[in-house]
């Protein structure tokens, strides 16, 4: 499954480094144990969330050139309702998905240095 998602992400990102960042972001939400992804007032498990994000990425096509584009266009809010996405972590803390992904993107940069 990881290889398949990498192939899907790769085809829509501008270059390999941006593809790697997007893949990292999607994997980071899927790896959250006990977390819930909240979109349009409904809660989803992290696998459903990562699948939804992959679908949004595919639908966005060449509009997504960077990891920042991915966050802004796919991972922050509903394109249908405009409602923000949230992530409820296992400890009960709820954060905007945009904040979560931007923090994860900073972590990716640090890990790669």
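Confirm whether residue 49 is surrounded by 14 or more Cβ atoms within 10 Å (Cβ to Cβ), assigned to a helix (DSSP H, G or I) and touching a strand residue (DSSP E or B) at 6+ places or on another chain (Cβ under 7 Å). Here the answer is yes, as residue 49 does meet what is asked. Applying the set (1) part of a loop (DSSP other than H, G, I, E, B); (2) under 21 Å from residue 108 (Cα atoms) to residue 90 leaves exactly one unmet item: (2).
As a summary of the residue check, residue 13 satisfies the conditions (1) buried (at least 18 other Cβ atoms within 10 Å of the Cβ); (2) at pLDDT 95 or above; (3) out of contact with any strand residue (DSSP E or B) (no Cβ under 8 Å at 6 or more places or on another chain) except for the one numbered (2).
Considering only residues in the range 92-106 that are free of Cβ contacts under 8 Å to residues at least 60 places away in the same chain and closer than 16 Å to residue 71 by Cβ, the one that is surrounded by the fewest Cβ atoms within 10 Å (Cβ to Cβ) turns out to be 106. Residues in the range 59-79 that are part of a loop (DSSP other than H, G, I, E, B) and within 18 Å of residue 16 (Cβ to Cβ): 64, 65, 66.
Within the range 21-34, residues that are at positive phi sit with their Cβ atoms under 8 Å from residues that are at pLDDT 95 or above and assigned to a loop (DSSP other than H, G, I, E, B), at 6+ positions apart or across chains, in these pairs: 34/89; 34/90. Residues that are at pLDDT below 95 and out of contact with any helix residue (DSSP H, G or I) (no Cβ under 9 Å at 6 or more places or on another chain) were ranked within the range 81-113; the one that is nearest to residue 34 (Cα to Cα) is 106. Can you confirm whether residue 89 is surrounded by 13 or more Cβ atoms within 10 Å (Cβ to Cβ) and over 22 Å from residue 20 (Cβ atoms)? It is true that residue 89 is surrounded by 13 or more Cβ atoms within 10 Å (Cβ to Cβ) and over 22 Å from residue 20 (Cβ atoms). Filtered by the rule that a residue be in a loop (DSSP other than H, G, I, E, B) and either under 13 Å from the mean Cα position of the chain (by Cα) or exposed (fewer than 13 other Cβ atoms within 10 Å of the Cβ) (or both), the range 30-39 gives 31, 32, 33, 34.
The values are calculated or read from the model by the stated rules, or taken from the named source; none is laboratory data. It should be emphasised that the depicted structure is a prediction, and the values quoted were computed from it without experimental measurement. All Cβ positions, glycine included, derive from the backbone under ideal geometry; neighbour counts span all protein chains shown.
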